[in-house]
Amino acid sequence: YSIKDKKDNLTELSVTQRSKPKIKVDVSSKRPKVTIDITIEVNIMSIEDRDVDQNEYLKIEQKLNDDLEKNIKKYLHKTVKDLKVDPVGFGNKAKMNFLTFDAWKKYNWKEKYPSMEYTVNVNSEVIRFGLLNKSLQKNSN
């Protein structure tokens, strides 16, 4: 994954999903509400032409979080609102909120699904610095 800072400097990242995303589906109102929490680990492969300190790593994490949240929301909008399909399986999670199949059918998920609201939270953590490890140690002393 690649991100650019405000000065157009490139940072190359290796991104790994730490655990399965936590997906919560709230069906207590007419519009279903979904919350997705994603935790990822980041290995910085290279940073173009700038000093590296702890503040810089925090900026990288925040930029990555923002970029991924934006892209996931874009994907959800396309699949939920435009195509009206459920490739993520939100319906299976929603079904667990009902005690009977009749209650599930009465809720009418297929009709309500396209009006679903969603919140995406991405939490990344820089865990490795690739070849930058020595420079980080020098800057942290």
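Structural remarks
Let's see how each residue does on (1) open to solvent by less than 90 Å² (accessible area, probe 1.4 Å); (2) not aliphatic (A, V, I, L, M):
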{"residue": "Val42", "(1), (2)": "yes, no"}
{"residue": "Lys73", "(1), (2)": "yes, yes"}
{"residue": "Asp82", "(1), (2)": "yes, yes"}
{"residue": "Asp86", "(1), (2)": "yes, yes"}
{"residue": "Lys93", "(1), (2)": "yes, yes"}
{"residue": "Lys106", "(1), (2)": "no, yes"}
{"residue": "Thr119", "(1), (2)": "yes, yes"}
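- Any strands (runs of 3 or more DSSP E) falling wholly within segment 1-100 and containing at least 3 residues that are out of contact with any helix residue (DSSP H, G or I) (no Cβ under 7 Å at 6 or more places or on another chain): 10-17, 22-26, 33-47
- Checked against (1) surrounded by 12 or more Cβ atoms within 10 Å (Cβ to Cβ); (2) of a type outside the set (A, V, I, L, M); (3) modelled with pLDDT under 95, Asp26 passes all but condition (3).
Here's the yes/no breakdown for (1) more than 30 Å from Met116 (Cα to Cα); (2) among the charged types (D, E, K, R); (3) at pLDDT below 90:
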site	(1), (2), (3)
Asp8	yes, yes, yes
Lys22	no, yes, no
Arg31	no, yes, no
Met45	yes, no, yes
Asp53	yes, yes, yes
Tyr57	yes, no, yes
Leu64	no, no, no
Ile72	no, no, no
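The values are calculated or read from the model by the stated rules, or taken from the named source; none is laboratory data. Because the structure is predicted, anything quoted here is derived from the model rather than measured. Every residue, glycine among them, receives a Cβ derived from its backbone with ideal geometry; neighbour counts consider all protein chains shown. The protein model used for the area step is the full one, side chains on, heavy atoms only, and it has no ligands, DNA or RNA in it. Shrake-Rupley method; radii C 1.70, N 1.55, O 1.52, S 1.80 Å.
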